[in-house]
1. Using a 1.4 Å probe on the protein chains only, how many percent of the accessible area of the stretch 44-120 belongs to carbon and sulfur?
2. Between beta-carbons, use under 10 Å as the cut-off and find the net charge around T59, counting Lys and Arg +1, Asp and Glu -1.
3. Between beta-carbons, use under 13 Å as the cut-off and find the net charge around G30, counting Lys and Arg +1, Asp and Glu -1.
4. Pop out the ³J(HN,Hα) list for the stretch 77-84 in order, Karplus 6.51 cos²θ - 1.76 cosθ + 1.60 with θ = phi - 60°, rounded to Hz; leave Gly and Pro as x.
5. Grab the other residues whose beta carbon is less than 14 angstrom from that of V118, score K and R as +1, D and E as -1, and report the net.
Amino acid sequence: MKRAGVLLALLALVFLAAACGEESTSGGGGTSVAVKLTEDGCDPVELDVAAGKTTFEVTNDGADAVTEFEVMDGDKVLGEAENVAPGLSGEVTIDLEPGDYTTYCPGGTTAERGKLTVTG
């Protein structure tokens, strides 16, 4: 009886581990890019990424006036991380086509807008 309980516990652990593995890979590939919100705005100001699924991991580095990161195509917002208060982080994932885009961190003093280049 004790052995059956141990086997059931091990079996449950195997299923749990398998589920976690599927979850972490189910999003499939993609690129992660770290972005900081500073009093200046977006850091870095210039980004180069490959086309496809891109996750922007946004961290607020103590900027009270800057709490948002946007990726724009002209006047159109493609994705944004909002309400990223000082000390907090957020993320936004966008499937990007090759081209030039603008990053926008409203309220920044010198780096409110940046350049995002997506290559094929």
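The values are calculated or read from the model by the stated rules, or taken from the named source; none is laboratory data. Computed from a predicted model, the values in this text were never measured in an experiment. Every residue, glycine as well, gets a Cβ built from its backbone with ideal geometry; the counts of neighbours run over all protein chains shown. Surface areas here come from the heavy atoms of the whole protein model, side chains and all, with no ligands, DNA or RNA. Shrake-Rupley method; radii C 1.70, N 1.55, O 1.52, S 1.80 Å.
1. Working: 1680 of 4050 Å².
For the stretch 44-120, the apolar C and S fraction of the accessible surface comes to 42 percent.
2. Numbers: positive: K36; negative: D43, E57, D61, E91.
In short, -3.
3. Once positives and negatives cancel, what remains is -2.
4. 7, 8, x, 8, 10, 10, 6, 8
5. Working: positive: K53, K115; negative: E46, D48, D73, D95, E97, D100.
Cβ neighbours under 14 Å give a net charge of -4.
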